[in-house]
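All remarks here apply to the structure that follows.
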Amino acid sequence: MATLGIDWIVFISIWAFVAMGYDKRQAKRKKSRVSEKNLWLLALIGGGIGAYFGMQVFRHKTLHTSFRVGFLMLALMDMAVILYLIGLRIPALSQLF
C-alpha cells in the first residue's frame, strides 16, 4: 500500500511538472493553455512537489502569491505523506496520525 501511495505522488508530480512546462510554453506562444483549475487539481491530488518545482524551473506563475504559497504548502504536505509512508515518524506530526 505504501509503495502505491508513493508511486501515485511520483506519477502525479511528474505530470504536474510537465503541465507547468507545457503551460509556460503555450503562454509564450500565445496558444491554448492549461487552465489554472487543472494545475491546482494536479497539485491537490498529489502533484504538489512537481507543481512547485515546475513553477520554479520554468519560472511560471511565480508572481501569483496563491500559487507560490499554495504549491509550496502542498509540496510540503506531499513530502510529509511520503515520509510517513516510508515509515519515518516526525515527532511533531506523530500527534496528528
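Where a number appears in this text, it was derived from the coordinates with a stated rule and is not lab data. This structure is a prediction, so every number in the text was calculated from the model and none was measured. Glycine gets a Cβ as well: all are built from the backbone with ideal geometry, and neighbour counts include every protein chain shown.
PRE reach from Ala2 (point 7 Å along Cα→Cβ): which of the stretch 66-88 fall under 15 Å by backbone N? Only 80-88 pass the distance filter. Here are several values of volume of the Cα convex hull per residue in Å³: [x] 128; [y] 96; [z] 79. Which one was derived from the coordinates shown? Correct label, based on the coordinates given: [y].
If the segment from Ile45 to Ser66 were pulled out straight at 0.36 nm per residue, it would be longer than the present Cα-Cα gap by 5.9 nm. The residues neighbouring Trp15, those whose beta-carbon lies less than 14 Å from its own, together hold a net charge of -3 under the Lys/Arg +1, Asp/Glu -1 convention. As a length-normalised measure over Cα pairs under 8 Å and 6 or more apart, the relative contact order of the chain settles at 31 percent. Distance between the 7 Å Cα→Cβ label points at Ala27 and Arg89: 4.3 nm. In sequence order, the stretch 65-70 has phi-based couplings of 4, 4, 6, 4, 6, x Hz under the Karplus curve 6.51 cos²θ - 1.76 cosθ + 1.60, θ = phi - 60°, and Gly or Pro positions carry x.
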